[in-house]
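Trainee: I have a structure I would like to understand better, so I am pasting it below and will then ask my questions one at a time.
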Amino acid sequence: MYFDVVEAKHERNHEMQLRFEDGSTGTVDFAKFIEKGTVLEAIEDIATFKAFEIQYGTLVWKNGSIDIAPEALYSEATGRKTIYPKKSSVA
């Protein structure tokens, strides 16, 4: 889909360079997500953080038990709102 992650590269600390299906790129600092005290605390360890995968356009850790919605990453990386294009209603 439009916001799917197609490539991810660890840069430093909890920062990752992402490329999306539409060709957009940007860097996301995951530290702000981890600091909120959510399930993402599990990726605070850098070795665990680096052990990510891309599954069906979504960045995941720990065999898919932890993920972040690609549209949230797209918005964070590009600074653009994630509005899905309207489908045409041809009668």
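No lab work stands behind these numbers, since they all come straight from the coordinates. From a predicted model like this one, the values you see are computed outputs, not experimental measurements.
Trainee: Report the Cα-based extents of the chain along its three principal axes, largest first, to the nearest Å.
Mentor: Taking the Cα atoms of the chain, the three principal extents are 53, 23, 23 Å.
Trainee: How many lysine pairs in the chain, separated by 8 or more positions in sequence or lying on different chains, have Cα atoms less than 19 Å apart? All intermediate terms of the calculation are to be shown ahead of the outcome.
Mentor: Details: Lys9/Lys32; Lys9/Lys50; Lys9/Lys62; Lys32/Lys50; Lys32/Lys81; Lys50/Lys62.
So the count works out to 6.
Trainee: Using the Karplus curve 6.51 cos²θ - 1.76 cosθ + 1.60 with θ = phi - 60°, what ³J(HN,Hα) values do you get for each residue of segment 35-45, in whole Hz, with x for Gly and Pro?
Mentor: Once rounded to whole Hz, the list reads 5, 6, x, 9, 4, 5, 4, 5, 9, 5, 5.
Trainee: Further, regarding this structure: State, as an integer percentage, the relative contact order of the chain based on alpha-carbon contacts under 8 Å between residues 6 or more apart. Could the numbers behind the result be given before it?
Mentor: Working: 133 pairs, mean separation 22.9, N = 91.
Reported as a whole number, the value is 25 percent.
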